[in-house]
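Structure record follows, encoded as structure tokens.
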Amino acid sequence: MPSKKENSGCGCSSIPISFILVVLGIGYWGFTQIDRSKLNQFLTAAQEPATTTQPPIAPVLAPAPRQPVAVTNAPPSKIPAVRLTKPQASPVSATLKKRSSPQTLWERKAIRGIYLSRYQATNNASEKMIRERVRYYRDQGINTIIHGVWGNGCTMYNSDVMQQILGYKSCPNQFQDQWLNWLIDEAHKQGMQVHAYFEKGIKIDKNSPIFDLAISKRWLVPGVDKTYAGIDHYVLDMEIPEVANFFRKIAVEFVQKYPTIDAVQWDDYLGYHAGLPGKVDRTDRLTKFVRQMRAEMKKANPSVSFDLCHHNPYWGKRYFAADWQNWNVDRVFIQTYNDANFNQELDYAKQYAGVAISDQQLYRLKELVNNTKIKSVLLFPSSGKPEETAALVKKFTPISN
């Protein structure tokens, strides 16, 4: 009897061809009915690597623009390899991060200023030197440079008014004509301000280039002003129309020549010391002069602040004929150089724009910084070394977190 053969295979050969065709047709129809979008998502997910979920960042910023990739027809061997680099933080993000960090008490002061005498950043200074100096003060936590532009009867810039009235155009100094433009420009780039400091105000000494002229024209108030020991000053008489007109023209010329200056500041040298001979009350006449000078300056350039750094209102009026509460000034900073009366002077300073201290009083800086009622702090380097004074700020108070 013949042996029984084993079934080797699926037996497909015994299935009718017509049945196979029907099965294939049904399968094709079902495949085409599958949601193609879901299929594509599935296939895409299978091909892409898994990524780590990042927490949301607010605010949402537009991505930084990427450097375009050049398209070339060069053969593959000539196309340089592309090196992948770590993505850099967006400048906008960095700025927001910096601004969002808490400010120190020092940084909350509206004006953190330092005085520079008219000779400290001008004599033979190049543009590079001036711009570097501005950045230096910024790094020390200073946001305002109060720089001398006038003093001892002459300007620290080329002045047409000086030339027409006095016969020469500036103080004797080897400054470059654009020095103040460079200073203002760099300060504004660094988010700082520049205030023009009218040193010595209406007073001159024997070294003034206009001293002999002032004597010959009788422009001086009789007597010697001995406000500060060791220095004899002579006061220009603002009651003389020629003298008053000269100062008003200088004020107008300056804010027109330097229209982007942030402020001008006069100090206690805008006054007549009570020690001058004779019992002459010049208070009202000085008030009239200052108000006229300020009005003409503001008319020429309304955006410039007319500031004053003077003794408290009682001392100013009592000993310097300076009734500055009636001068219509924009801001007043109280001088507290007399350390013996420091606490009393602070009571005045809280009512006005701020306080000015000398480099001998830096140990009081922390106290001033912590006092939220003191809105601004000005530093006066009596040693004549403003860079060293500015550097000491970090010693007495943190300038950043």
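Laid out as a table, the results:
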item: For region 159-176 versus region 187-255, the gap between their alpha-carbon centres in whole angstrom; result: 14
item: Region 246-401 shape via C-alpha gyration tensor axes, a/c threshold 1.5; result: oblate
item: Above-threshold pairs, the threshold being 30 Å between Cα atoms, out of Lys203/Lys257; Lys317/Lys395; Lys169/Lys394; Lys299/Lys366; Lys226/Lys288; Lys200/Lys257; result: Lys317/Lys395; Lys169/Lys394; Lys299/Lys366
item: Sequence-distant residues sharing a close amide H with Phe175 (under 5 Å, placed H); result: Asn124
item: Gained length - Tyr136 relative to Lys394, 0.36 nm times residue gap less alpha-carbon distance; result: 91.6 nm
item: Estimated FRET transfer efficiency when R0 is 25 angstrom, pair Asn158-Val280 (beta carbons, to 0.05); result: 0.10
item: Estimated distance in nm for a label pair at Asn207 and Gln190, the labels positioned 7 Å out from Cα along Cα-to-Cβ; result: 2.7
item: In sequence order, calculated HN-Hα J values of region 235-242 (Karplus, 6.51, -1.76, 1.60; Hz; x Gly/Pro); result: 9, 6, 7, 6, 7, 7, x, 5
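Quick note: the coordinates plus some simple rules give every number you see, no bench work behind them. Here the structure is a predicted model, which is why all the values come from computation and not from measurement. Note that each Cβ is placed from the backbone with ideal geometry, even for glycine, and that neighbours are counted across all protein chains shown.
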